[in-house]
Amino acid sequence: MSSRKYPRIEIDQRAYDALQVESIREHRTSREIATEAIIGYVSKDAITFIDRMTVGPIDQPTTIKDVEPETIEEVCIPVKTKSKSKSESKDKKPSLRNDPIAQDEIYKLYKSKMSIRKIADQIGRPASTVRDFINTQIKAGDLDRR
């Protein structure tokens, strides 16, 4: 299978370190793990769109930048889901434990001396969740107590 080269992406140090550890742990390449993680994260609509773009005739656009926004909507097939109850209908965020972006934001804001309440408001999480996360990180030695 031939492989095209793609622009490199930049990830933060924590994500890079975790990727390296996971590749050693699983005896796989960092590229394999990163690709699997990204493909596992993106929506089915995005995968369907990419599959249609890369399988079609040569004269089709080859990058998303070349595609008109209306075309993306035409190509993507809505994913049918079970109807949700009122309590489930809100946008559900991943747990803080599985959300490295929110974790990094907490680290930055906490180190800038922002209050836990303001951090919680900033990242859209309950203050109790943020407080528990910070206390766990302090106990683990990843954050300094103020």
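The values are calculated or read from the model by the stated rules, or taken from the named source; none is laboratory data. This is a predicted model, so every value here is computed, not measured. Reconstructed Cβ throughout: ideal geometry from the backbone, glycine too, with neighbour counts over all protein chains shown.
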Looking only at residues in segment 110-146 that are surrounded by fewer than 11 Cβ atoms within 10 Å (Cβ to Cβ) and in contact (Cβ under 8 Å) with a residue 12 or more places away in the chain, which one is nearest to D99 (Cα to Cα)?
G124
Would you point out which residue out of I11, I24, I33 is at pLDDT 85 or above, outside any helix (DSSP H, G or I), within 30 Å of D104 (Cβ to Cβ) and not small (G, A, S)?
I11
Within segment 43-77, the residues that are in a loop (DSSP other than H, G, I, E, B) and either of a type in the set (S, T, N, Q) or modelled with pLDDT of 85 or more (or both) are S43, Q60, T62, T63
Can you give me the number of residues within segment 125-146 that are assigned to a loop (DSSP other than H, G, I, E, B) and modelled with pLDDT of 90 or more?
2
So which residues in segment 4-52 are loosely packed, with under 12 Cβ neighbours inside 10 Å and in contact (Cβ under 8 Å) with a residue 12 or more places away in the chain?
D12, S43, K44
Count of segment 95-109 residues which are in a loop (DSSP other than H, G, I, E, B) and either acidic (D, E) or surrounded by 12 or more Cβ atoms within 10 Å (Cβ to Cβ) (or both):
1
